[in-house]
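Have a look at the structure below before the remarks.
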């Protein structure tokens, strides 16, 4: 099989580097195009990231020599790649416009950015949860007069950390009414250079701009229903989120408390763990290359999950859950953890692209 | 004025060292007796803590040369000190017995340990909140046939971090119904050597044994009422706590969400901040040496309080509160922070002793 | 090919866990025996390491169910494994005796421990450097009347970090006269729980017991010559080492300054880099499974090598060198880095065993 | 006594904030003028540092309300302050010109910046070492036609960490010939935001731009002699420095090895410790407010000095030395530590100003 050619927009940033790393030796996709800010344009990729390469593997030889293009110039991409991953670090308006310019030019965009997350006709895909939202692509093309191009986004990395265990419970018939979240998020979530070391040595920062809002609003769209080319949000879960930055390289940890709608039929602790462990969905059925074998792992030890020790579970694509116990105010509480730059960023984006390919959109 | 002679039990441990440090140059108290485990007994204090002194000030010269006694032998203390601070690191039963042996021998015990926190006739003092519980000392002496001796305890360091802002609101007439807590606690809370560095480099630990229970149960006793020699707990606030260990030396941070009993008359954000800033109590009126000028500071900046930057506020004795905002599930949420080894341990113990002295118990 | 059965002594410790992790799916060796302290004996391996498993991969399923034996009882090992890796955490005398008891009972010992490093007839193997020292095994067996058993050791993890670049230069004809080392060593080098977090948050410790001596004395044995069943040390390099502990999980970094014997014929910077990059030795020729493709990597960037970003180079088995530049006092200086628990511990031990197997000793 | 009015140029940066903090309640100086980049100009100081205040004390009330001026406009300073501390963060040429503009306008400049460190007629003052260099002020004024203004600089913060112990030995008659330095430097040395947290979590960086050169060249000027209005450098010590950044907030640690010129008369370990402990100089004689009681402390414990535990010794103004032992290559080796933002920056600058005042230059 010939590989599908892909581009990475924002290839020199933190998420972009993760794309470059994770796509090395990908069985379906091959990086043939890299683009970044005008500053990097014209340089070989290895020169553009010199002194800034944060991965603990070497720069893939094939990509090292590709000349970086200016991501703003969609004309440079035409003919060089079949679709792009977008991880640009621009403001919301500029990002939205840039992504649209690619889609309009027949280059599908699989985006990590938040710019289009709340755009009505853009699906926010998590392949284990809302494969049905793929239908929005047809509506989107129709709305906008696009032929081949389209935009799909993924959710915020933090949302990704707790939404799968929640969805698994709802899918098993246990509707959730209320949810309390407190996050302890990794430094890599802010990119590079991102958070100053003086803020994270012997310190934490109890604030991440815009993050609490994302945690509270994205689930409604992810869990929404698509009918007649319209995506209707499901706002039935009330959510409160406190977001914090902690001195961890990779891996977001979330303390979750939840309340079921039906207090009389709430599942037992053993039932919940069973639901999580047996949860399996479309990516597993299709055996997508980046899909974890199990989307959710439950760990029995008292003091787990821990970011450094659990984030790499199943290629960094699985959610690790632990410490399920009764909550003194709601019904249950637990700790959920995922790798924010793999599952929560580049790995999640690649899984989206794999689903799109498997379903014939790429 | 002649200084009151005090002893420190568990003087070589982390909290013990903080007592030694904070009592240097205290206007009322003078350390004349130090005791620890049999291993340390017979050594000069400076030798007993050699290679283990964790403070960033030098060992006070006067204490350096005191010979450490075995804390189990109350006979050694008799005549050498007028009361003791207890910070021993023994199991609960041994601690309880040891503290009773001092009290029985006419040596009042101002304790940091958890052993007697839930003992019915032992008050859990926070001078800004429940000075009225001092009356339990008389009941305690009567119950146990003790003449001069008694035991008072302080709360857990984490409880200390959020209980003052809560109490201030209730005192102002805003009864609280429910409270959600997620803590991010400093390494020093586990003593030395305590938590392994491999658990706190690029990592957090979402579990601290027994801590969630303490956070959930201590407030009822602290906020209780004393009548006829009995302390009746006030369990009217439902509390849920998630406790986590983070890579911070000193300073516990707590994310708090709360719900008022009377939804119709809940205070505005401005009123709450005013209540906190104007909160003042007995230690401030009595101008106790260790008392902070203000028990609670509210910080306006988005990203505060932060442990390294705010823990030392007002000698490390104040609570710093910030980020008060509406909660999507309950009424309000905020972040509360205090210095766990000062306000939450040795400094809090000294403040208790100062109140006892001012009220004639020492 | 049937796999050779191996045991791991000290299997529950930090280095032992790394053996278990790295031997999963090894093409030649299979873990069939695990032993540790009497405390762990009788438990399934997964239970014995519960709450203490530090690896970021799961416990290999095959090993999880093996019952741990008491490492002191060599009788338990007989018939269950063909050789053992020793990573026990006992004092020097006990370790030496324990390892001898296995060797005497026809079970070869590939050791990570320091107990026998300076024993005259025990070779300190680094396969890229002193394969010729294997001849000492025959002498050792003869000296001690052992038939099949023997003991080989590896060097200290820190020595391993700088000795290969030094040896490569000497092998190329550039004899070294003096060497200055300052190390910045990872926490994992001290095992678990090892260094207290309070010593490594916002702190470093400029002391590691016994480490400077090891750094200064081991090279003489490693670089020594074997003739007539005797190993003669080569003490021609004068070495001074300062050793420090820094807040890093894995990866020792060493600042090296060196002086050549022949000032007039010292190599240029370019020649040195070429020598390092082209260095290849027996493990590479034999294509041993654990051997890095290149033993030494040179990195051009100003600010590298860095532990988190470079320790995993070539499976964690390569040394990464950078910042080669002139020294104001000696001739050259550079920075050398290696993964202390892979190349410097379990990975290095496995490479030793692979060499022994390839040469017919296992 | 009326206080001398001082300004702080670069008052919003890391060093500037330390000046503001340390000058609160200074007995001789009062901050009456603060200046920074045009971005901050026109704002109240408390607004200009909002979200960036890194100190663990509150902004001094008197300074909080001062309106920040543009540091480039010397006209704003005239009449508002009697001298300035310079801690601007501009490039070398711009800094040099800016400092000269103040001096030319009769405003003496006590600088932390490196721009004028190697300027021939500008003294690099360390009050304990080269008070005699004050004479260069007269020469400087004459050279440049300045009346009241002048520029004095302090050394690099790292140089400050090891130069006093070296000078104390030379002053006692033990001339040093060679010195090897390896530094482990705090994050605060790079200012705020400075080093990215992703570079200092589970990591160190073995490179600091320009730092090795400063460590190797500044001592010659500091130890130089002044005669006939000329400062002659003393380059008799050969120095090699490796500089590293480690995850520490404040406190530079330096591993030092040294060789005496006269091998036959080198002092014993006991003599060296005695020399250090008894070292006292002009600031101690004059009892300058910021002077430490002892410039050098020697710590006996094996594992000290450590940055978090020793940096605050004697108000953060003392050097702490430890681990003096023989060196296998040179004569002795030891570890030296100082607080880089107090002794090595703002505190050192204030001490310079105090000496200038005591000697009649301010």
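Couple of notes before you dig in:
- Rounded tilt (10° steps) of A:269-278 against the dominant C-alpha axis of chain A: 30 degrees
- For chain C, the longest principal axis of the alpha carbon atoms and the long axis of helix C:347-358 meet at an angle near 80°.
- Computed E for residue A:261/residue B:213 - FRET, C-beta separation, R0 41 angstrom, nearest 0.05: 0.90
- Building the convex hull from the alpha-carbon atoms of the protein assembly as shown and averaging its projection over directions returns 57.0 nm².
- Relative contact order %, segment B:95-176, counting alpha carbon pairs below 8 Å whose residues are six or more apart: 35 percent
- Look at the stretch C:306-314: the mean tally of other chain Cβ atoms within 10 Å of its residues' Cβ atoms is 6.
- Label points for residue C:132 are taken 7 Å from Cα along Cα→Cβ. From this copy to the others they lie 5.7, 7.5, 8.9 nm apart, shortest first.
- For chain A, a Gaussian network of Cα nodes joined below 10 Å ranks A:45, A:162, A:192 by mean-square fluctuation, and the top entry is A:192.
- Counting neighbouring beta carbons within 10 Å and listing from fewest to most, the residues D:255, A:327 come out as A:327, D:255.
- Ranked A:23, D:73, criterion: other C-beta atoms within 10 Å, fewest first: D:73, A:23
- Chain C: relative contact order as a whole-number percent, Cα under 8 Å and 6+ apart: 16 percent
- As a length-normalised measure over Cα pairs under 8 Å and 6 or more apart, the relative contact order of segment A:157-339 settles at 27 percent.
- Proxy reagent accessibility, fewest Cβ within 10 Å first, across C:228, C:82: C:228, C:82
- Relative pair counts by distance (%), Cα atoms of chain B, 20 Å bins: 31, 59, 10, 0
- Crossing angle, helix B:157-171 versus chain B [Cα axis fit, 0-90 degrees, rounded to tens]: 50 degrees
- Two-site label geometry, residue A:4 and residue C:220: point separation in nm, points 7 Å out along Cα→Cβ: 6.5 nm
- Shielding by partners - mean other protein chain Cβ count within 10 Å, residues of D:246-258: 6
- Copy-to-copy label separations for residue C:278, where each label sits 7 Å from Cα toward Cβ, in nm and ascending: 6.0, 6.4, 8.4
- Scaling the Cα radius of gyration of segment C:157-339 by the globular reference 2.2 N^0.38 Å produces a ratio of 1.04.
- Rg and Dmax [Cα atoms of segment B:115-206; Å; Rg one decimal, Dmax integer]: 17.8, 53
- Each of the peptides D:338-349, B:240-251 was scored by the mean count of other Cβ atoms within 10 Å over its residues; in descending order, highest first, they stand as D:338-349, B:240-251.
- For C:279-285, mean number of other protein chain Cβ atoms within 10 Å: 0
- Spacing of the modelled spin labels on residue A:80 and residue A:171, each 7 Å from Cα toward Cβ, amounts to 3.9 nm.
- Estimated FRET transfer efficiency when R0 is 30 angstrom, pair residue D:120-residue D:61 (beta carbons, to 0.05): 0.10
- Overall size of segment D:233-362 from C-alpha positions, given as principal axis extents largest first: 47, 36, 28 Å.
- Helix-derived mean residue ellipticity, 222 nm - over the protein assembly as shown, DSSP H n ≥ 4, -39500 (n - 2.57), to 500: -7500 deg cm²/dmol
- When chain D is treated as a GNM with alpha-carbon contacts under 10 Å, the residue of D:196, D:115, D:220 showing the greatest mean-square fluctuation is D:196.
- Between residue A:47 and residue D:93, the modelled label-to-label distance comes to 2.5 nm, taking each label 7 Å out from Cα in the direction of the beta carbon.
- Across the copies of the chain, residue A:24 has label points (7 Å from Cα along Cα→Cβ) spaced 2.1, 5.1, 5.3 nm apart, shortest distance listed first.
- Max-minus-min Cα coordinates of segment A:1-158 on each principal axis give 42, 35, 31 Å, with the largest extent listed first.
- Measuring from each Cβ of chain B to the axis that turns chain B onto chain A, the shortest distance belongs to B:182, 2 (residue, then whole Å).
- When peptides A:353-360, D:118-125, A:309-316, A:140-147 are sorted by average Cβ neighbour count within 10 Å, with the highest value leading, the order is A:309-316, D:118-125, A:353-360, A:140-147.
Computed from the coordinates by the stated procedures, all read-outs in this text should not be read as laboratory data. Here the structure is a predicted model, which is why all the values come from computation and not from measurement. All Cβ positions, glycine included, derive from the backbone under ideal geometry; neighbour counts span all protein chains shown.
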